[in-house]
Structure formats: C-alpha cells, structure tokens
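Since every read-out is calculated from the coordinates, none of them should be taken as a lab result. Just so we're clear, the structure is a prediction, and the values are computed from it rather than from any experiment. Note that we place each Cβ from the backbone using ideal geometry, even for glycine, and neighbour counts take in every protein chain shown.
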Ligand SMILES: Cc1cc2nc3c(=O)[nH]c(=O)nc-3n(C[C@H](O)[C@H](O)[C@H](O)COP(=O)(O)O)c2cc1C
Ligand code: SF4
C-alpha cells in the first residue's frame with residue numbers, strides 16, 4: 001500500500017476516482033492506451049508506473065482484453081458440468097477466436113453453459129438462441145429455486161421503499177449506542193467468509209476519531225459457485241440499501257460504497273435503480289428525514305479481479321492503486337478508504353442487518369445456533385436436482401439441504417463448499433456436518449460464503465486440483481512470494497500430473513502446502529491448501545497413483 005497514492009487519490013474523492021477514470025479510459029477498446037495512462041498519472045500527480053500497474057492488473061482493463069466481444073464463463077461449476085466446450089464451439093461460429101474472452105464466474109452456476117455478451121449474462125439453453133441474441137439483443141432471464149429451511153429472512157419478499165422509509169424513521173429515533181447494542185446482541189457474524197462479529201467492527205469504526213467515514217458493501221462475490229450475493233443485489237436490493245443505512249448510522253459514516261463485480265451487469269442495473277428510488281423517496285442525502293444524519297450511496301463497478309473481494313485489496317482498488325492486499329494492522333476500521341475509518345461488510349451481512357436489529361437483537365440471537373445465529377444463504381450448483389438459493393437456518397444438518405434439493409442429477413463424489421479456499425467434503429462426511437461456522441471448522445472444512453459445488457464421479461480430482469491452482473495462481477495479487485510463486489509451482493505440478501501423468505513428489509508438495517499456509521499474507525495463499533489436504537485425506541485411492549514419496553520419477557496414466 002502506498003500512503004502517498006492513498007492521499008493523492010483521496011484529494012479527488014470518490015466521484016472523481018482514478019479507478020473509474022481508468023475504466024472510462026478503457027472505453028470501447030477494452031484497455032486504456034498509453035496516452036490516457038500518462039494523462040491520468042499527471043492529473044493525479046502520480047507516476048505512469050502506478051496507472052500502468054493498476055490497469056494491467058484487471059482482467060477487463062489489461063491489454064489482453066482488447067477487442068474481446070464475448071466472454072465464456074470458466075468458473076468451476078461450468079467446468080465441472082462440462083458445458084463450456086460446446087459453448088465455445090457455438091461462439092466460434094460467430095466470433096473469431098481472438099474476440100472470445102473468459103470471465104470467472106458469471107454466477108449462473110445453477111444452469112451452467114454461461115457466457116456474457118453486450119453487458120448481459122446468459123446460461124442454460126440460451127446458447128441455442130445465440131444468433132437471435134447477437135442479431136436482436138434478445139435478453140433471456142435465468143431461473144432458479146429460491147426457498148428456505150427453517151426461519152426465512154432473506155428469502156421473504158423484499159421491503160418496499162415505503163417500508164424502508166418507515167423503518168428508517170424508527171431507526172433515527174434510536175441513539176447510536178442503542179443501535180450498536182442491538183447489533184452486538186443479535187450476534188450477527190460476517191457472511192463473506194471469516195464470520196467476524198459485525199457489531200464489533202461497527203463499534204471500532206464508530207469509536208475512531210474522524211469527520212469522514214465509509215461503509216463499503218463488498219459485492220465482489222468472486223467464489224466460483226457462489227451467487228447468493230447476486231440474488232440479494234437483484235432481488236433484495238432495498239433490504240440491502242437499508243442495511244447499509246443502518247451500518248452507516250451505527251458507524252458514523254456518511255457514504256455507502258457498493259463495489260459490484262463487472263461480471264454481474266444485471267446486479268449493477270438493479271442497484272442503480274434502487275438508489276434512484278431511495279433518492280426520490282428522500283431517504284438519502286443530508287439531514288435525512290429531518291435528522292442530523294447524512295448518507296449517500298456510491299456505486300463502483302469492479303473490473304475483474306478475484307482478490308478485490310479481500311477487503312484491503314478492495315480498498316486499494318477503489319483508490320485506483322494496484323489491488324494488492326494491505327498488511328494489517330492498521331485495520332480498515334481505523335485506516336481504510338483514503339486513509340479514513342471504513343467498515344467493509346459482505347452483501348448478505350448488510351442485508352441481514354434490518355432483521356438483526358429488531359427487538360433489540362434478541363429474536364435474531366435466538367435463531368440458528370448460539371455461536372452462529374441467524375440464517376445462511378447457500379447457492380447450490382447444477383449438479384443438484386433442484387439447484388438454486390437455499391436460505392438455511394444455522395444448525396440445520398447439511399444432509400437436510402441435500403435432501404430438500406432432491407439429491408443429485410448425476411453421481412457426485414464430493415462437494416466443494418465455501419469457494420476455492422473452502423473444504424472439499426466427501427459425501428460420506430456430509431452427515432457429520434451442520435450448516436454453521438463451528439461444525440465445519442471442527443470437522444476440518446470451512447463454511448465460508450457457503451457456495452456448494454458438486455464434483456461429479458466423472459471429474460478426476462487431479463484435474464480439479466490443477467484447475468483450482470490455475471485459478472489461485474491467476475488471481476494471486478503477487479504481494480507475498482509464498483503465494484505468488486507457490487500457487488504457480490503447484491499449478492505446474494498438478495497440470496503435468498493430469499496432462500502427462502508426471503508423478504508429484506509428495507514431500508515437495510507437503511512443503512509447498514506448509515509454506516503457503518504459514519507464509520502467506522492473506523487467506524488466498526493461506527487457504528488454498530485446505531481443499532488439497534481434504535482431497536489427499538479422503539481420496540487416497542484415486543490420488544495416490546499420482547504421487548511418489550521419493551525423488552524417483554514414475555508415470556501414471558494421464559487424464
Ligand atoms: C482471497 C479472498 C477473497 C475474498 N472475497 C470476498 C468476496 O468476494 N466477498 C466478500 O464479502 N468477502 C470476501 N472476502 C472476505 C473479505 O476480506 C472480508 O472479510 C469481508 O468482506 C468482510 O465482510 P463480512 O464481515 O461481512 O463477512 C475475501 C477474502 C479473501 C482472503
Ligand atoms: S497470499 Fe497471495 S493474494 Fe494474499 S497477499 Fe499474498 S500474494 Fe497476495
């Protein structure tokens with residue numbers, strides 16, 4: 001992190017941000033040209049190396065993005081489903097190879113066969129209508145199950161703007177300390193992966209001494225297989241904005257920034273419309289509803305980088321810096337966006353706040369489990385008979401979720417739960433698990449953001465792990481060498497094993513995993529060994545032939 005760039009970027013503020021100007025400079029070509037990078041550097045009083053370094057980081061700003069007209073999803077759900085070879089063949093009938101880019105992932109994990117064209121996402125049977133989509137701009141909506149097991153909060157109808165206004169009137173009658181006490185009492189924990197208590201984070205920010213503070217909604221949902229934030233952004237938009245207002249009031253922030261991934265164009269439109277409705281209803285701006293509270297929303301469109309989901313990389317991204325992870329402390333609650341106190345929370349966390357604070361937080365605390373109150377959205381991929389969005393009361397047996405989804409469409413051997421950094425759960429371990437942070441952690445897995453990917457029997461695990469490391473290496477921010485080098489070396493080891501049957505030295509791999517776990521600065525490098533360790537533990541029969549315990553080379557049949 002450069003404190004100088006933070007300060008220089010902060011001078012221009014959010015409405016004139018370097019990051020957005022880099023996006024605008026990419027214009028129609030897909031990447032900013034050298035002249036624009038030089039002009040931007042001059043205007044922000046920074047070096048061209050800074051603007052170049054930032055622009056070349058992002059999938060949808062870097063020079064390789066130039067001339068791309070259509071993008072194919074390369075997320076794990078689509079890869080596991082085996083649909084993307086056919087999608088690519090169809091696209092090639094209309095576009096030259098060099099005009100086809102890749103996106104990861106489009107959040108269409110329930111239907112697969114996903115691609116992105118002209119600012120719209122398509123999936124399922126849409127590829128059959130490609131000619132029509134290209135010629136007439138036909139927009140096709142996806143379909144998925146939305147249901148609940150146990151208490152329903154986030155899957156009930158969204159609040160109307162009028163209801164939000166009424167709730168805000170009641171909120172503003174409460175003291176900030178009362179609101180904070182209710183959030184703490186509710187026990188609500190962050191839903192983005194780490195499960196940190198929300199009340200504590202808001203309190204740290206509220207106590208920080210500064211006239212300007214921010215609330216950031218982390219809508220960069222990058223875990224391939226996850227689309228629960230997309231659902232909330234599009235179907236529970238008012239609930240989410242109300243949650244941000246509550247967080248802003250509790251933390252003493254005046255601006256709510258929504259950082260939304262470019263891979264979710266429909267979410268961006270939904271949020272823009274909801275912000276306009278809030279403005280029209282007089283529930284944004286200064287002196288809100290006659291109070292001394294002021295709050296405005298700012299939408300920032302991301303540009304394609306998984307690591308920007310990590311909260312400090314996200315902050316650097318908004319500042320227009322290369323989105324590398326920051327060393328902590330200081331934490332964002334003290335030193336966040338433009339060096340000012342900032343609360344970063346996940347979409348689902350913020351959308352849960354309006355319900356969490358009701359009744360002084362007591363009702364929410366009574367739902368779910370004692371340590372993990374409330375509900376968790378789970379996104380089930382296309383391997384389930386009824387894929388979709390399941391709101392599950394914490395503490396529910398995982399088997400009940402699978403049963404409710406009608407089991408699997410095809411034989412599945414394991415579930416990858418909680419994104420690429422999450423655990424790989426073999427089917428015979430499912431009955432040990434309940435849906436809550438503790439149960440997963442105790443069993444050696446991770447609930448994370450609770451996406452659920454089926455790994456079919458037909459998918460060789462060595463290939464799955466090679467793809468996982470390809471993703472991890474591509475998405476590493478490069479700040480620390482255990483991850484920058486380690487993920488790449490692991491990608492090479494697993495790819496050679498899968499493609500050419502070249503055996504992996506087990507001791508070497510164990511050393512590599514240990515180095516990643518203990519030497520990485522953030523959970524990207526630190527977390528990626530978990531699914532590998534699970535795979536090695538639970539699938540020795542399938543994986544052992546790919547390993548040797550000596551330096552002697554052996555060959556196994558390629559997959
Ligand atoms: C590699 C990596 C990727 C992450 N991606 C996301 C993400 O896409 N969305 C998210 O909310 N949190 C993500 N996180 C977690 C955030 O850093 C942060 O903990 C979270 O936004 C805090 O919100 P919460 O307390 O409401 O969960 C990621 C963390 C890491 C290490
Ligand atoms: S672990 Fe990887 S993603 Fe995290 S800081 Fe290090 S290089 Fe960056």
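Return the whole-Å distance between the Cα centroid of the stretch 260-330 and the Cα centroid of the stretch 1-73. So the two Cα centres are separated by 18 Å.
Using the Stokes-Einstein relation with a Kirkwood hydrodynamic radius computed over Cα pairs, the translational diffusion coefficient of the stretch 380-454 at 10 °C and a viscosity of 1.306 mPa s comes to 131 µm²/s. Volume of the convex hull of the stretch 3-65 (Cα atoms only), normalised per residue: 75 Å³. Taken as Cα centroids, the stretch 471-529 and the stretch 126-190 sit 37 Å apart, rounded to the nearest whole angstrom.
Using a simple spin-label model with pseudo-atoms 7 Å out from Cα toward Cβ, residue 327 and residue 273 lie 4.7 nm apart. The simple spin-label model puts a point 7 Å past each Cα toward its Cβ; for residue 69 and residue 7 those points are separated by 4.9 nm. One quarter of the surface of the convex hull around the alpha-carbon atoms of the stretch 461-548 equals 4.8 nm², the direction-averaged projected area.
Our compactness index for the chain, the C-alpha radius of gyration over the empirical 2.2 N^0.38 Å, is 0.95.
Arrange the peptides 405-418, 156-169, 110-123 so that the one whose residues have, on average, the most other Cβ atoms within 10 Å appears first.
Descending packing order for the listed peptides: 110-123, 405-418, 156-169.
A straight chain from residue 166 to residue 514 at 0.36 nm per residue would run longer than the Cα-Cα distance by 120.0 nm. Quick note on the stretch 69-147: its Rg to Rh ratio, both from C-alpha atoms and Rh being the Kirkwood radius, is 0.94. Legend: ranking of residues 291, 286 from fewest to most surrounding C-beta atoms inside 10 Å; resulting order 286, 291. Ranked by the mean number of other Cβ atoms within 10 Å of their residues, highest first, the peptides 348-357, 494-503, 460-469 fall in the order 348-357, 460-469, 494-503.
Counting neighbouring beta carbons within 10 Å and listing from fewest to most, the residues 258, 453 come out as 258, 453. Any idea what the relative contact order of the stretch 3-65 is, in percent, if you count C-alpha pairs under 8 Å spaced at least 6 apart? Value for the stretch 3-65: 32 percent.
Normalised by the number of residues in the chain, the mean separation of alpha-carbon contacts (under 8 Å, six or more apart) gives a relative contact order of 15 percent.
Here the alpha carbons of the stretch 147-366 define both size measures, Rg and Dmax, at 16.0, 44 Å. Here the relative contact order of the stretch 147-366, from alpha carbon pairs under 8 Å that lie six or more residues apart, stands at 32 percent.
Distance between the C-alpha centres of the stretch 195-229 and the stretch 424-449: 25 Å, rounded to the whole angstrom. Per-residue ellipticity at 222 nm, computed for the chain from helices alone with -39500 (n - 2.57) per DSSP H run of at least four residues, works out to -12500 deg cm²/dmol. When you count the other C-beta atoms within 10 angstrom of each residue and take the mean per peptide, 230-237, 87-94, 391-398 line up highest first as 230-237, 391-398, 87-94. With each label modelled as a point 7 angstrom along the Cα→C-beta vector, the residue 496-residue 24 pair spans 4.9 nm.
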